[in-house]
Each structure stands twice: as C-alpha cells, then as structure tokens.
Amino acid sequence: MSSAQSNFKNLFKSENEIPEEYQVPIIHQREYLLNGELVQWNGDVTEIYSPVCIPTENGLERKLLGSIPNIGPKEALDVLDACVKAYDNGLGEWPTMSVEGRIQCMQKFVYLMIKERDLVIKLLMWEIGKTLPDSTKEFDRTVDYINQTIDALKDLDRESSRFQQAEGTIAQIRRAPLGVVLSMGPFNYPLNEIFTTLIPALIMGNTILFKLPKHGVLAHYPLLKAFQEAFPKGTVNTLYGKGSEIITPIMESGKVNVLAFIGSSKVANGLKKLHPKVNRLRAILSLDAKNAAIVTKNANLDIAVSEIILGSLSFNGQRCTALKLIFVQKDVAEEFTQKLTAAVSVMKGGLPWEKDVKITPLPEVNKPPYLEECIADAISKGAKVLNENGGYNEASFVFPAVVYPVNDQMKLYHEEQFGPVIPVVPFETIEEPIDYQVNADHGMQVSIFSEDAMEVSKLIDPFVNLVSRVNINCQAQRGPDVFPFTGRKDSAEGTLSVFDALRSFSIRSLVAAKITDSNKDLLNTIVRDHDSNFLSTDYIF
Ligand code: G3H
C-alpha cells in the first residue's frame, strides 16, 4: 500500500463501527411549515441518502438517512399564499411589529435553536459529509451571525430614533420591509448560507418562503418547531420539492418581492426572468466563482502552500469562496508544486467525525465522475497529476489531485470544479493572471502571495476593480461576517454582511412634515403617546 493510500484505507465502516455518539436516528419527515402549522404530508416523498457509504453484500451503498415531503405546485402556491397573507401588503402583524418586538421573537428563536445544536451538527456531518469541527463551526457561526444581526439592528434603530430637519421639513427616516422573500440556499453551507439571508430578511419585517437545499435538508428539521414557536403564523413557511416544479409557479405569480438566492448564475437568471414585473423584484444573489491564487517568485512559499491548502481543500473545495485556480510564477513553480504535493499527500481522508480528518465523502452523486472527467481532460492536453493517489476515487470519496501544468485549453482552467482538485497554471509575466481575471465571467475574490510591497501594490490596483476582495498572503473567504461579501459580473448581485444584509432586505421609508407649530404638536403627541411603531423616538437598549 502506498503512503498516501494509508491515509484513507478502510475509509467506509460498517454501521456497528460508527461510534454511538455520532449515530443519528432515521428521520422520515412528513411535515412542512405552513401558516404557523406543521402540516402533515401524505403524498410523494424524496429519500435522503448520506455521502457516507456502508459496506453491504452489494458493495458500498450510501446510507439512507430518511425522507422528506415532495410537495407539488398546488401546495407550493398554498405556502406562497400564507406568506402573502402574513405580509398583508405590509399591514400584517409581523411587518408592523415594533423593532423591539421583532428582536424579542428572534431572541426566542436563537434560544430554541441552540437546544437543537447537537442533532443539527450530527445531521450536517451525515448529510453533506462536513467534518465535525467544520459542522460545529457552521452551527456556532450561524448563532453568532444571528446575535450580531440583532445588535446591528439595534444600532440601526438607535440611529433612526430621532428626527432630522432640512429646508423647513422635519422627518423621521427608518428602514421598512419589502414584502415576501423567497430564500434559497446551497448544500455546502445548508444552515449558514440560508440563514445569512433568511435571518436579516426576517428581522426587517419581511415574510419568508424558504426552499430547502438538495442536501442538508434534514438538518433543518429540528428547527421547524423553533420557527413555529418564535414567530407569528405565516411569517416563515417551508418548501420541499423539485425546484423546477414548485419555484416556477411561485415566481410566475409575481408575488415574490425579493429573491435571495445562493447558487448558479444560470439558475438565478432563469428565476428572475419568470417574474412578470421584474422592476418589482429585488435580487440578492451569491453566484459563480473561480477565485484565483497568484503565487509570485517573491512569495513565502510555505505560507502560500498552507493557505492554498486551506483555500482549495477546506470542505473538499466545496466553497463558493474556494481557491479554484492557482497561478504560480515559473521561477518558483517546481519548488512550489513540490511543497504543495507534499502537503496534500499527508492529508487524512475519512469519515466526518474521525479525528484529524480533512477530506471526506462528497454529497453530490455526479461529482466524482465529473472530477474524473476534468482530470482526464487535463491529462489528454499535457498535464499530470503530481501527487500519489491524486484523484483516487472510491464510491463518494475522492482524494485531492494536484494537476500541473494547466492551461487555458483545459476544462479545469474555466469550470468551477467545486471539489478536491487543485489546478496549477505556470506563468511568466504578471499580465497572464490579470488577463485570466479580465476575461473570466466571474469576479469574486483573488489571493495574492508575495512579500514584495511594490509587486503587491501593482497587483492590488487592477484586482480591486476586477473582483470584490483582494486577499494578501491568505486564502479567499467570506468572513469575518461583518465585512462586505459580494462579487462582480456573474458572481453576485447585492452585498451581504451582518450590516449590509439589513439594508439589502429593506427600503428606506420616511414620515415628513413642514415645520409648523401645529405639526410639531401633532408629532410630539404621537411620539409621547406611543401611538405609532414607526414614528417613535424610543431608544432600544
Ligand atoms: O460557499 C460560500 C461561503 O459563503 C463561503 O464562506 O469563505 O467562510 O467558507 P467561507
């Protein structure tokens, strides 16, 4: 057995070898959240399988985790109606509730959510194959995000809790909700990414239609009751089923005011076009990306290698922010690829809960053959897999491959592999990676590795106008969550951060009056008697 293979020998275990603390019960979910009720579903279901395989007499088989409702277009439109009714043209209980009242509901939700922490983390590991530390981080980061959102809203409200005067007019300016928000997220962060749109949208007073991702759907099941108990009925409603069947009629109805979507630009464009009045639709989108790393001859190669490993292989490369194409200057290409290959070779493959495991089984059934196809395409055009066992595939498991030298004729140069393959492109002059970014359809982030201040500054200036975040000597990433997260071209529409998201899911609305004695009396009386939730100078502590 080769040294690299010893990192993942006997990867898949029989059920009785899986420690009890990481086992989960089979969940046959038969409810969905509609108008404050967990409605029973007796129709079609979709079975949910884990990327974790179990050895059987027929070979390795993905473990059955349970099943979920597969609702149809009629039920989807009922869910939409509940959401529209709860918003009630902005007159519903939730959109008219005071900010303080909405914050209290959200605090109750977080309290209930935390009670489900252990089960949600286990379901994340089983459903999407995310490691225990990363699944734990996803849950805890999401709770932090909600708490930070509450604090950011308090700040926003405090700033708005005063009157402003200009040109003889007095006004109070606040942010108001937009309406019905359709929130759809990806499988790689099924909890965190959905909540980074759903939570700010919700707390700003919108009502939510929430389409569960393809993988990572059962991880939300323990939270349905928390939504039900924490918010007024109809405020949050869930959708399960085939996107093409249930989302099409929802978009065609014209009743969705905001599309919050994290996925491919192709799907996002298709969804937007279904809306009959595009001017009424706001879109907050996080889409395609193939972030490049640029390693120049002046880089500290050890730092570059460790950050590139993190950037390209955290969660097996299945992050929108992952480094998906590595440019290295020819002068240091040999030394860099040797160090990179050595670092990849010692990575441990295994099951998500096993100690020190970094590479885990992949949830998408078609991903291993797709990665194999990309690697074969590169080999047929002159590249090699540099590391021992690179691209090794067993059922849902793929060991990372370092592919070199990659060029613009290969799929790996253009396609977002979203998996454990690291394509490395040698370059002579710095114009080559800049040209890549100029011609790319996406523009999210870049990572520059160099210790030369002049060289770095010459790269910063073009790249800040080509992408939305330039990382110096570190991997690409979304966090800290208080920083703006966005992209250019096909990578994003709108900006998300704890604070920006509150703005993205709201619109400014103001109450204005001429400064006259009678208007001053009128406004003072409204404020003193607390007759309006909007017109108020109350300060939230
Ligand atoms: O998949 C995209 C995520 O937003 C990436 O977040 O950079 O913190 O892993 P991250």
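The values are calculated or read from the model by the stated rules, or taken from the named source; none is laboratory data. Keep in mind it's a predicted model, so treat the numbers as computed, not measured. Protein only, heavy atoms only, side chains kept; ligands, DNA and RNA dropped before computing areas. Shrake-Rupley method; radii C 1.70, N 1.55, O 1.52, S 1.80 Å.
Annotations for the structure displayed:
- Cα-only radius of gyration and Dmax that characterise the chain, units Å: 25.2, 89
- Computed lengthening from Val482 to Asn16, 0.36 nm per intervening residue step minus Cα-Cα distance: 163.4 nm
- Per residue, the convex hull around the alpha carbon atoms of region 229-283 comes to 105 Å³.
- In this structure the amide hydrogen of Ser450, modeled in the peptide plane, comes within under 5 Å of the amide hydrogens of Asn300, Asn473, none closer than 5 places in sequence on its chain.
- Under 5 Å, built H, 5+ apart or other chain: amide partners of Arg62: Ile54
- Separation between Cα centres of region 483-528 and region 242-317, rounded to whole Å: 26 Å
- Equivalent ellipsoid dimensions for region 403-460 as semi-axes, Å, which come from the Cα gyration tensor, largest first: 22, 13, 12
- For region 171-281, fraction of C-alpha pairs farther apart than 19 Å, in %: 45 percent
- Heavy atoms of Asp140 accessible to a 1.4 Å probe, total area in Å² rounded to 10: 50 Å²
- Part-to-part distance (alpha-carbon centres) for region 121-187 and region 341-415, which is given in Å: 36 Å
- Partner aspartates and glutamates for Lys273 [C-alpha distance under 12 Å; skip if fewer than 8 residues away on the same chain]: Glu252
- Using a cutoff of 8 angstrom between alpha carbon atoms and counting only pairs six or more residues apart, the relative contact order for region 291-485 works out to 29 percent.
- Sorting the Cα pairs of region 133-213 by distance into bins of 5 Å, from 0 upward, gives 3, 14, 18, 18, 16, 11, 8, 5, 4, 2, 1, 0 percent per bin.
- Extent along principal axes [Cα atoms of region 1-135; Å; largest to smallest]: 68, 35, 25
- 19 Å tail of the calculated P(r), region 212-349, as % of Cα pairs: 67 percent
- Inter-part distance where region 455-471 and region 12-73 are each reduced to a Cα centre, Å: 45 Å
- Links that overshoot a 20 Å alpha carbon limit, given the list Lys122/Lys214; Lys13/Lys122; Lys367/Lys489; Lys324/Lys367: Lys367/Lys489
- Contact order normalised by residue count of region 20-286, Cα under 8 Å, 6+ apart, percent: 25 percent
- Each residue of region 454-463 was assigned a 3J(HN,Hα) from its phi angle through the Karplus curve 6.51 cos²θ - 1.76 cosθ + 1.60 (θ = phi - 60°); the sequence is 5, 5, 5, 5, 5, 8, 4, 4, x, 6 Hz, with glycine and proline shown as x.
- Cα pair distances of region 304-380 binned at 5 Å [whole percent]: 3, 13, 18, 25, 23, 12, 5, 1, 0
- For region 291-485, radius of gyration divided by Kirkwood radius, i.e. Rg to Rh on alpha-carbons: 0.95
- Here the translational diffusion coefficient of region 492-537 follows from Stokes-Einstein with Rh set to the Kirkwood radius across Cα pairs; for 25 °C and 0.890 mPa s it amounts to 186 µm²/s.
- The chain, relative contact order [Cα under 8 Å, separation at least 6], %: 18 percent
- Mean silhouette area of region 415-541, derived from the convex hull of its C-alpha atoms and averaged over all directions, reads 13.6 nm².
- Rg/Rg_globular for region 20-286, with Rg_globular taken as 2.2 N^0.38 Å and Rg from C-alpha atoms: 1.06
- Annotation: amide H of Phe485 within the under-5 Å range of Leu496, Ser497, sequence separation 5 or more or interchain, hydrogens built in the peptide plane.
- With the helix formula -39500 (n - 2.57) applied to DSSP H stretches of n ≥ 4, the chain reaches a computed 222 nm mean residue ellipticity of -11500 deg cm²/dmol.
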